[in-house]
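Please read the structure below before turning to the comments.
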Amino acid sequence: QVQLVESGGGLVHPGGSLRLSCAASGNIFMFYVMDWYRQTPGNQRELVAEHSSGGRTTYADFVKVRFTISRDNAKNTLYLQMNNLKPEDTAVYYCHVFREYSDYLRGLGSWGQGTQVTVSS
């Protein structure tokens, strides 16, 4: 089980920026996939961005261009840079990891506790 701790959430005005961080236990260089998800009340968690161990990144259509996912292997930390934030980006953001490919096949990932992002004027 990977321990994940998110930080960096908060209240921001529309058009503003935030950078979320996810500190992980273990050597993230080896991790198969690291993701950011978000969830609003009454809705399922939705994938925001994904970063594979090979460096490939994918984004949900609703955040393309505005958000950037990155890893710092030396710090064992995953980031999500969020620019031009909109009120509809308000959600709890979660870090998620599949440590190995076998975990991915079995759906055995690890979740952080989440960090609240609120975009409001």
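Observations, loosely collected:
For (1) open to solvent by 60 Å² or more (accessible area, probe 1.4 Å); (2) touching a Gly at 6+ places or on another chain (Cβ under 6 Å); (3) of a type in the set (Lys, Arg); (4) part of a loop (DSSP other than H, G, I, E, B), each residue gets a yes or a no:
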residue	(1), (2), (3), (4)
6	no, yes, no, no
35	no, no, no, no
41	yes, no, no, yes
65	yes, no, no, yes
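Results for (1) under 16 Å from residue 37 (Cβ atoms); (2) within 12 Å of the chain's Cα centre (by Cα); (3) not small (Gly, Ala, Ser), shown as yes or no for each residue.
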residue	(1), (2), (3)
74	no, no, no
93	yes, yes, yes
97	yes, yes, yes
102	no, no, no
118	no, no, yes
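- Note on segment 72-121: residues that are open to solvent by 50 Å² or more (accessible area, probe 1.4 Å) and β-branched (Val, Ile, Thr) amount to 0.
- Conditions (1) under 12 Å from residue 117 (Cα atoms); (2) more than 11 Å from the chain's Cα centre (by Cα); number of the one not met by residue 82: (2)
- Single match in 25, 21, 53, 17 (criterion: of a type in the set (S, T, N, Q) and farther than 23 Å from residue 104 by Cα): 17
- Matching entry among 20, 11 (being exposed (fewer than 15 other Cβ atoms within 10 Å of the Cβ), in contact (Cβ under 8 Å) with a residue 40 or more places away in the chain and within 25 Å of residue 121 (Cβ to Cβ)): 11
- Breaking point among (1) out of contact with any Ser or Thr (no Cβ under 9 Å at 6 or more places or on another chain); (2) in a loop (DSSP other than H, G, I, E, B), for residue 48: (2)
The values are calculated or read from the model by the stated rules, or taken from the named source; none is laboratory data. What you are looking at is a predicted structure, and each value in this text was computed from that prediction instead of being measured. Neighbour counts are summed over all protein chains in view; Cβ atoms, including those assigned to glycine, are modelled from backbone coordinates with ideal geometry. SASA here: full protein model, heavy atoms, side chains in, ligands and nucleic acids out. Shrake-Rupley method; radii C 1.70, N 1.55, O 1.52, S 1.80 Å.
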